[in-house]
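J.: Have a look at this one before I ask anything.
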Amino acid sequence: MNNSNSQTIVKVKCLTPTAQIPKYEHPGDSGADLVAITEHTLKPMQWFAISTGISVEVPLGYEIQVRPRSGLASKNGITVLNTPGTIDSGYRGEIKVILLNLGPENFKITPGMKIAQLVIAPVVKGIFQEVDELSWSQRGSKGFGSTGIIDVDG
């Protein structure tokens with residue numbers, strides 16, 4: 001078993017005095033908490049890009065994934081609309097999180113509230129090559145519902 005604690009430096013620029021550098025709550029966490037700097041109320045089925053007041057410099061060869069927080073999702077129906085969002089190594093703008101309210105009640109986001117998690121992940125580049133045929137597989141072209149749960153093709 002590999003018990004490596006691999007780490008990489010991600011430079012963070014605070015764009016406002018109230019911005020907070022993402023931090024891991026517990027030693028074994030894979031996601032660092034990201035907090036809001038503004039107040040906004042999300043109505044049911046509404047989404048909005050929430051400001052965090054930070055920008056980052058992601059090292060080449062990595063991405064940062066923006067993921068929902070399980071507590072917000074399970075208690076209030078709040079999720080990240082484009083989950084996981086991706087912050088590429090070349091992006092230097094402010095991180096904003098598109099939150100979506102799937103719950104039945106209005107949800108108030110307040111400054112300092114944990115709204116998402118950031119997960120740093122290595123990026124593997126594919127070499128896309130056009131071919132006339134693909135190799136055979138048992139699943140073949142069966143897509144959604146291929147295990148018998150849903151049949152979207154009729």
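The values are calculated or read from the model by the stated rules, or taken from the named source; none is laboratory data. Everything numeric in this text was worked out from a predicted model, so none of it was measured. Cβ: placed from backbone, ideal geometry, glycine included. Neighbour counts: every protein chain shown.
J.: Given the conditions (1) assigned to a strand (DSSP E or B); (2) in contact with a Pro (Cβ under 9 Å, 6 or more places away or on another chain); (3) surrounded by fewer than 17 Cβ atoms within 10 Å (Cβ to Cβ); (4) polar (S, T, N, Q), and given that T86 satisfies all but one, which numbered condition is not satisfied?
T.: Evaluating T86 over (1) assigned to a strand (DSSP E or B); (2) in contact with a Pro (Cβ under 9 Å, 6 or more places away or on another chain); (3) surrounded by fewer than 17 Cβ atoms within 10 Å (Cβ to Cβ); (4) polar (S, T, N, Q) leaves (2) as the failure.
J.: Looking only at the range 43-54, decide whether some residue is of a type outside the set (F, W, Y), touching a Lys or Arg at 6+ places or on another chain (Cβ under 9 Å) and free of Cβ contacts under 8 Å to residues at least 40 places away in the same chain.
T.: Pass one, the range 43-54, residues of a type outside the set (F, W, Y): 43-46, 49-54.
Next, only the ones that are touching a Lys or Arg at 6+ places or on another chain (Cβ under 9 Å) stay: 49-52, 54.
Retained after the next criterion (residues that are free of Cβ contacts under 8 Å to residues at least 40 places away in the same chain): none.
Taking every residue of the range 43-54 in turn, none turns out to be of a type outside the set (F, W, Y), touching a Lys or Arg at 6+ places or on another chain (Cβ under 9 Å) and free of Cβ contacts under 8 Å to residues at least 40 places away in the same chain.
J.: Can you pull out the residues in the range 117-148 that are surrounded by 12 or more Cβ atoms within 10 Å (Cβ to Cβ), free of Cβ contacts under 8 Å to residues at least 60 places away in the same chain, assigned to a loop (DSSP other than H, G, I, E, B) and not charged (D, E, K, R)? Spell out the reasoning first.
T.: So in the range 117-148, the residues surrounded by 12 or more Cβ atoms within 10 Å (Cβ to Cβ) come out as 117-121, 123, 142, 146.
With the extra rule that they be free of Cβ contacts under 8 Å to residues at least 60 places away in the same chain, the set shrinks to 121, 142, 146.
When the remaining residues are screened for being assigned to a loop (DSSP other than H, G, I, E, B), the result is 142, 146.
S146 - this is the single residue of the range 117-148 that is surrounded by 12 or more Cβ atoms within 10 Å (Cβ to Cβ), free of Cβ contacts under 8 Å to residues at least 60 places away in the same chain, assigned to a loop (DSSP other than H, G, I, E, B) and not charged (D, E, K, R).
J.: I've got another one for you. Please find, within the range 98-116, the residue that is nearest to I54 (Cα to Cα) out of those that are in contact with a Ser or Thr (Cβ under 8 Å, 6 or more places away or on another chain) and either at pLDDT below 95 or not in a loop (DSSP other than H, G, I, E, B) (or both).
T.: First, pick out the residues of the range 98-116 that are in contact with a Ser or Thr (Cβ under 8 Å, 6 or more places away or on another chain): 99-100, 102, 106-109, 111-112, 115.
If we keep only those that are either at pLDDT below 95 or not in a loop (DSSP other than H, G, I, E, B) (or both) too, we end up with 99-100, 107-109, 115.
On the way: L99: 17, L100: 21, F107: 23, K108: 21, I109: 17, I115: 14 Å.
Restricting to residues being in contact with a Ser or Thr (Cβ under 8 Å, 6 or more places away or on another chain) and either at pLDDT below 95 or not in a loop (DSSP other than H, G, I, E, B) (or both), the top hit is I115.
J.: Quick one: would you say T8 is loosely packed, with under 13 Cβ neighbours inside 10 Å, farther than 22 Å from I109 by Cβ, touching a residue at least 60 places away in the same chain (Cβ under 8 Å) and over 18 Å from the mean Cα position of the chain (by Cα)?
T.: The answer is yes for T8.
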